[in-house]
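The values are calculated or read from the model by the stated rules, or taken from the named source; none is laboratory data. Note that this is a predicted model, so its numbers are computed, not measured. Here the Cβ positions follow ideal geometry from the backbone for every residue, glycine too, while neighbour counts run over all protein chains shown.
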Amino acid sequence: MSIAAPFPRESDAKGAFVRQQSAFRGRVTADGASGFPAEAGRYHLYVSLACPWAHRTVIVRKLKGLEDAISLSVVDPLRDERGWRFGPDFPDPLSNGWSYLSEAYHATDPSFEGRVTVPTLWDTKTGRVVSNESAEIIVMLNEEWDAFADHPRLDLYPAALRPEIDELNAWVYDEINNGVYKSGFAATQEAYEAAVHPLFAALGRLDERLATRRYLVGDAPTLADWRLFTTLVRFDAVYVGHFKCNLRRIADFEHLSGYLRDLYQHPGVAQTVDFDHIKRHYYMTHGSINPTGIVPAGPLLDLDAPHGR
């Protein structure tokens, strides 16, 4: 038995979710050699507080102290077939007159036909999208705007640790960050089973890793931790129920559960988490998964409890 895939153009013949590639891969650099020089006040981040990929950029911007250098706005957490939208409660602060973020994509590439995603890094000077690839945007935020950052010495991607971070990120992305989507957006039982079991095997592997270390790599949080965090913080609230990732909750993992609370309690991070946006987005915009649109009252999460790390 199969169901209608939430994103049919990203579903293969077996009903498996196959995520599209990011369309815009420009890079902002401190020296400007890329054509997009790092400047204060020039670039704008469009994000959704519901989206884990966008949440990464919100966290790194916060931790680096780039709020004054790079402006940010939040789109409506409820989206329809036309994608992420603006509105009275979620206006476009750049006064472009847009109703949907897709208009920024078409202003950059009139032939664009893919799914519009967040985060989107917009260049106000040239009037075009620089990048919509979160993994690359957070690296830029970490190192290219240091001249304008409140915390320029904070390095979330240290050169000495990059090989280990990159190796870890590769399988965490495939099996966990994207694994929850491959489970939740599966259109057949076969595709679901092929995704959900590797997901929980990978979570178990991380739980074992965290039994002997506080963070994934090194003795301080890195981009690897923040990339994982945005999936973990949504897991019990939406992925367990909505995406059928219900073999175990994060709360049931001895070390992952404390690790999640540890990162949540890191200065400045809790204020980037909005469970109202998260739950309303997932439960109210995937009609093929939750046709009633009812948002569950729970679960009750105590992420401020002592983490014991």
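Data overview
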{"quantity": "Of residues in segment 167-193 being among the polar types (S, T, N, Q) and in a helix (DSSP H, G or I), the one nearest to Q20 (Cα to Cα)", "calculated": "N177"}
{"quantity": "Residue count, segment 90-142 (criterion: within 15 Å of S73 (Cα to Cα), among the β-branched types (V, I, T) and loosely packed, with under 15 Cβ neighbours inside 10 Å)", "calculated": "1"}
{"quantity": "Selection status of A54, modelled with pLDDT of 95 or more, surrounded by 20 or more Cβ atoms within 10 Å (Cβ to Cβ), of a type in the set (G, A, S) and not in a loop (DSSP other than H, G, I, E, B)", "calculated": "yes"}
{"quantity": "Subset tally (residues that are within 26 Å of R9 (Cα to Cα), touching a Leu at 6+ places or on another chain (Cβ under 9 Å) and assigned to a loop (DSSP other than H, G, I, E, B)) for segment 83-113", "calculated": "2"}
{"quantity": "Residue ID - farthest from D304 (Cα to Cα), chosen from residues in segment 233-256 that are without any contact (Cβ under 8 Å) to a residue 60 or more places away in the chain and of a type in the set (D, E, K, R)", "calculated": "R248"}
{"quantity": "Hits in segment 199-229 - residues which are part of a helix (DSSP H, G or I) and more than 16 Å from F253 (Cβ to Cβ)", "calculated": "L223, A224, W226, R227"}
{"quantity": "The one condition in (1) under 15 Å from the mean Cα position of the chain (by Cα); (2) surrounded by 22 or more Cβ atoms within 10 Å (Cβ to Cβ) that L63 fails to fulfil", "calculated": "(1)"}
{"quantity": "Residue match in segment 111-122 (condition: at negative phi, among the aromatic types (F, W, Y) and either in contact (Cβ under 8 Å) with a residue 60 or more places away in the chain or out of contact with any Phe, Trp or Tyr (no Cβ under 9 Å at 6 or more places or on another chain) (or both))", "calculated": "yes"}
{"quantity": "Test: residue in segment 83-92 that is within 21 Å of R19 (Cβ to Cβ) and modelled with pLDDT under 95", "calculated": "yes"}
{"quantity": "Filtered residue count, segment 193-226, keeping only those that are touching a Gly at 6+ places or on another chain (Cβ under 9 Å), closer than 16 Å to K14 by Cβ and surrounded by fewer than 22 Cβ atoms within 10 Å (Cβ to Cβ)", "calculated": "2"}
{"quantity": "Some residue of segment 262-276 being assigned to a helix (DSSP H, G or I), under 21 Å from R213 (Cα atoms) and among the hydroxyl-bearing types (S, T, Y)", "calculated": "yes"}
{"quantity": "Matching residues, segment 66-82, being crowded, with 18+ Cβ neighbours inside 10 Å, modelled with pLDDT of 95 or more and outside any strand (DSSP E or B)", "calculated": "L66, A69, I70, V75, D76, P77"}
{"quantity": "Lone unmet requirement of (1) exposed (fewer than 13 other Cβ atoms within 10 Å of the Cβ); (2) in contact (Cβ under 8 Å) with a residue 24 or more places away in the chain; (3) within 30 Å of E190 (Cα to Cα) for G15", "calculated": "(1)"}
{"quantity": "The one condition in (1) within 20 Å of R61 (Cα to Cα); (2) without any contact (Cβ under 8 Å) to a residue 60 or more places away in the chain; (3) under 20 Å from the mean Cα position of the chain (by Cα); (4) in a loop (DSSP other than H, G, I, E, B) that R153 fails to fulfil", "calculated": "(3)"}
{"quantity": "Of all residues making up segment 143-170, the number that are of a type outside the set (D, E, K, R) and within 16 Å of Y215 (Cβ to Cβ)", "calculated": "9"}
